[in-house]
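Quick one: the structure is below, questions incoming.
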Amino acid sequence: MKSHLTAQSLTAYRSPPLSGQFSLPGDKSISHRALMFSAMAVGESKISGLLESDDVLATAAAMRAYGADVEHGDDGVWRVSGLGSGGFLEPDGPIDFGNAGTGVRLTMGIAAAHPFASTFIGDASLSGRPMGRVLEPLRRMGADVIARSGDRLPLSLRGGDPMAPITYRVPVASAQVKSAVLLAGLNIEGVTTVIEPVATRDHTERMLAGFGADLQTGTNADGETVIRLTGMPDLKPQTIVVPGDPSSAAFLIVAGLIVEGSDLTIENVLLNPARTGLLTTLQEMGADLAIANERLSGGEAIGDIRARHSALRGVTVPPERAPFMIDEYPVLAIAAAFAEGRTIMDGLAELRVKESDRLDAVARGLKANGVDCEEGAESLTVTGSLVPGGGTVATCLDHRIAMSFLVMGLAAANPVTIDDGAPIATSFPGFIDLMAGLGARIDGGAAAA
């Protein structure tokens with residue numbers, strides 16, 4: 001895994017109009033799952049468009065550590081020869097997930113139902129993030145866990161004998177918790193049930209069904225989403241095409257909206273309804289956004305998004321929308337800084353436990369660049385204006401903080417500097433080169449490209 005011991009500062013300058021038509025790297029959430037589910041199938045799966053970022057490569061390495069044959073072909077296609085849902089082998093040593101929170105939490109679910117020990121480690125950022133929300137239901141299913149105080153990495157986990165299916169109501173909206181429970185349930189006799197009071201992104205359910213799992217999703221009398229998974233299926237290998245990542249597209253979309261004269265088209269972007277909260281919010285703010293060529297691919301909706309410079313206005317974002325755009329709030333805050341009036345964002349408690357305390361990091365970055373904002377326990381209010389810029393932002397080893405404030409610098413009156421661009425590679429390798437090709441002025445990009 002890459003080390004971030006040597007910081008790579010980057011500076012973004014007010015730029016000319018951005019223009020271009022392009023595709024983005026594959027969706028990170030689907031890329032993680034494609035590797036994992038292929039490793040749990042019996043036979044060879046083929047994956048095209050996989051996001052080859054540090055986070056996803058960590059998951060590929062983890063699947064190899066458990067005995068799956070994972071190869072990247074000269075044709076760009078990844079081939080995974082799986083072991084079956086209960087066929088993982090005991091790894092030789094600790095598995096290093098670097099900064100990959102999704103990778104480690106979902107893999108814990110798989111590992112929990114195997115009768116051997118797995119030890120998980122990560123970088124400083126990942127080691128500071130709480131894992132208790134995932135570990136609590138896995139313990140209830142019978143897994144043994146040895147962890148640092150606060151259930152943080154490094155930690156070791158061993159499947160119980162026997163493991164038992166559970167009915168679990170997710171206390172906080174989290175696709176990672178839901179997915180970890182379902183993945184543990186794959187290797188347990190009986191029916192594992194997950195109840196979601198607030199629905200979250202459903203990539204796990206869609207993809208598991210595509211691999212042949214016996215899974216049903218419905219709604220109970222209280223309007224909650226209920227997912228039932230029958231364990232011990234024979235997952236069948238698949239050919240997967242990973243669509244473009246909407247969370248990565250968000251940075252390009254906001255850049256197109258705030259840089260005067262810009263006109264950008266991003267092709268083949270995932271449009272899963274659980275991932276389009278940012279698009280809805282930006283349209284409410286007056287964004288000139290158009291979606292064309294909508295279609296289905298592998299059970300997921302995709303399309304082309306055109307973003308043109310727009311006069312934005314502040315809005316109140318309903319808190320119930322948060323699960324559908326939780327990763328996009330940092331860059332939404334940048335759009336809000338250039339909007340007329342106040343933008344109020346609430347229901348953001350989840351941002352406190354991401355790669356950094358994103359709520360705090362965003363508020364500090366905005367204030368460092370002359371933007372009026374108010375940070376609450378789980379809210380952020382941004383008053384838009386002409387953005388002075390001129391500040392330096394602490395990224396806190398967080399790729400989304402880094403990219404968000406580089407986008408700010410493209411339209412601010414004065415340059416915006418981030419203290420470290422290296423974390424960008426965890427989700428969007430090539431971001432700097434792509435931005436430069438569209439006309440953005442960012443110094444020091446070679447190290448982070």
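May I ask you to list pairs of residues, at least six apart or on different chains, whose Cβ atoms are under 6 Å apart, with the first in region 140-151 being without any contact (Cβ under 8 Å) to a residue 24 or more places away in the chain and assigned by TED's automatic domain parsing to the domain that holds Ile121 and the second being part of a strand (DSSP E or B) and of a type outside the set (A, V, I, L, M, F, W, C)?
Asp144/Arg158; Ile146/Ser156
Another question, then. Just wondering, is there one or more residues in region 143-154 that are modelled with pLDDT of 95 or more, under 21 Å from Tyr66 (Cβ atoms) and not in a strand (DSSP E or B)?
Within region 143-154, one or more residues are modelled with pLDDT of 95 or more, under 21 Å from Tyr66 (Cβ atoms) and not in a strand (DSSP E or B).
How many residues does region 212-226 hold that are more than 25 Å from the chain's Cα centre (by Cα) and under 18 Å from Ala180 (Cα atoms)?
Within region 212-226, residues that are more than 25 Å from the chain's Cα centre (by Cα) and under 18 Å from Ala180 (Cα atoms) number 1.
Identify the single condition in (1) under 22 Å from the mean Cα position of the chain (by Cα); (2) touching a residue at least 40 places away in the same chain (Cβ under 8 Å) that Gly132 does not satisfy, given that it satisfies every other one.
So the condition that Gly132 fails would be (2).
I'd like the residue in region 3-35 that is in contact with a helix residue (DSSP H, G or I) (Cβ under 6 Å, 6 or more places away or on another chain) and among the hydrophobic types (A, V, I, L, M, F, W, C) and, out of all such residues, is nearest to Phe88 (Cα to Cα).
Leu35
In region 170-184, is there at least one residue being free of Cβ contacts under 8 Å to residues at least 60 places away in the same chain and in a strand (DSSP E or B)? If you could, list the steps in order and put the result at the bottom.
The first filter runs over region 170-184 and keeps only residues free of Cβ contacts under 8 Å to residues at least 60 places away in the same chain, leaving 170-171, 178.
Filter again for in a strand (DSSP E or B), leaving none.
No; the residues of region 170-184 include none that is free of Cβ contacts under 8 Å to residues at least 60 places away in the same chain and in a strand (DSSP E or B).
Looking at (1) over 30 Å from Ala425 (Cα atoms); (2) assigned to a loop (DSSP other than H, G, I, E, B); (3) without any contact (Cβ under 8 Å) to a residue 24 or more places away in the chain, can you tell me which one Ala164 breaks?
With (1) over 30 Å from Ala425 (Cα atoms); (2) assigned to a loop (DSSP other than H, G, I, E, B); (3) without any contact (Cβ under 8 Å) to a residue 24 or more places away in the chain applied to Ala164, the lone miss is (3).
Is it fair to say Thr217 is on the phi < 0 side of the Ramachandran plot, β-branched (Val, Ile, Thr) and assigned to a strand (DSSP E or B)? Steps first, answer last, please.
On the way: on the phi < 0 side of the Ramachandran plot: yes; β-branched (Val, Ile, Thr): yes; assigned to a strand (DSSP E or B): yes.
Against the criterion (on the phi < 0 side of the Ramachandran plot, β-branched (Val, Ile, Thr) and assigned to a strand (DSSP E or B)), Thr217 qualifies.
Please state which one of Gly190, Gly218, Gly256, Gly261 is touching a strand residue (DSSP E or B) at 6+ places or on another chain (Cβ under 9 Å), surrounded by fewer than 16 Cβ atoms within 10 Å (Cβ to Cβ), more than 20 Å from Ile30 (Cα to Cα) and assigned by TED's automatic domain parsing to the domain that holds Arg400.
Working: Gly190 fails: assigned by TED's automatic domain parsing to the domain that holds Arg400; Gly218 fails: assigned by TED's automatic domain parsing to the domain that holds Arg400; Gly256 fails: surrounded by fewer than 16 Cβ atoms within 10 Å (Cβ to Cβ).
So the residue among Gly190, Gly218, Gly256, Gly261 that is touching a strand residue (DSSP E or B) at 6+ places or on another chain (Cβ under 9 Å), surrounded by fewer than 16 Cβ atoms within 10 Å (Cβ to Cβ), more than 20 Å from Ile30 (Cα to Cα) and assigned by TED's automatic domain parsing to the domain that holds Arg400 is Gly261.
Applying the selection to region 185-214, what residues are among the charged types (D, E, K, R) and part of a strand (DSSP E or B)? Full working, then the answer.
Quick first cut of region 185-214, residues among the charged types (D, E, K, R) only: 189, 196, 201-202, 205-206, 214.
Correct list: Glu196, Asp214.
Within region 310-333, how many residues turn out to be surrounded by fewer than 20 Cβ atoms within 10 Å (Cβ to Cβ) and acidic (Asp, Glu)?
Residues flagged as surrounded by fewer than 20 Cβ atoms within 10 Å (Cβ to Cβ) and acidic (Asp, Glu) within region 310-333 amount to 1.
I'd like to check which strands (runs of 3 or more DSSP E) are fully inside region 367-448 and have at least 3 residues that are at pLDDT 95 or above, outside the structural domain of His32 (by TED's automatic domain parsing) and buried (at least 19 other Cβ atoms within 10 Å of the Cβ). Show your work before the answer.
On the way: elements: 372-375, 379-384, 416-418, 441-443.
Counting at least 3 such residues, we get 379-384, 416-418.
Okay, moving on. Among the listed residues Ile401, Ile442, Ile432, which satisfies the condition of being farther than 20 Å from Glu260 by Cα and among the aliphatic types (A, V, I, L, M)?
Values: Ile442 fails: farther than 20 Å from Glu260 by Cα; Ile432 fails: farther than 20 Å from Glu260 by Cα.
Step by step, each of Ile401, Ile442, Ile432 is checked, and only Ile401 is farther than 20 Å from Glu260 by Cα and among the aliphatic types (A, V, I, L, M).
Moving to a separate point now. Specify which of the listed residues (Ala117, Ala124, Ala111) is modelled with pLDDT under 95 and closer than 22 Å to Ala60 by Cα.
Answer to the check: Ala124.
Here is a follow-up. Looking at region 215-222, is at least one residue touching a residue at least 40 places away in the same chain (Cβ under 8 Å) and either of a type in the set (A, V, I, L, M, F, W, C) or touching a Pro at 6+ places or on another chain (Cβ under 6 Å) (or both)?
Checked against the condition, which is being touching a residue at least 40 places away in the same chain (Cβ under 8 Å) and either of a type in the set (A, V, I, L, M, F, W, C) or touching a Pro at 6+ places or on another chain (Cβ under 6 Å) (or both), region 215-222 yields no hits at all.
Just to verify a result, which residue in region 130-154, among those that are in contact with a Leu (Cβ under 8 Å, 6 or more places away or on another chain) and within 20 Å of Asp96 (Cβ to Cβ), is surrounded by the most Cβ atoms within 10 Å (Cβ to Cβ)?
Our first condition is that a residue be in contact with a Leu (Cβ under 8 Å, 6 or more places away or on another chain); within region 130-154, this holds for 131, 135, 138, 143-148, 151, 153.
Still in the running and within 20 Å of Asp96 (Cβ to Cβ): 131, 135, 145-148, 151, 153.
Details: Met131: 27, Leu135: 21, Val145: 18, Ile146: 11, Ala147: 16, Arg148: 11, Asp151: 17, Leu153: 21.
Among those residues, the one meeting the criterion is Met131.
The values are calculated or read from the model by the stated rules, or taken from the named source; none is laboratory data. Here the structure is a predicted model, which means the values were calculated and not measured. Every residue, glycine among them, receives a Cβ derived from its backbone with ideal geometry; neighbour counts consider all protein chains shown.
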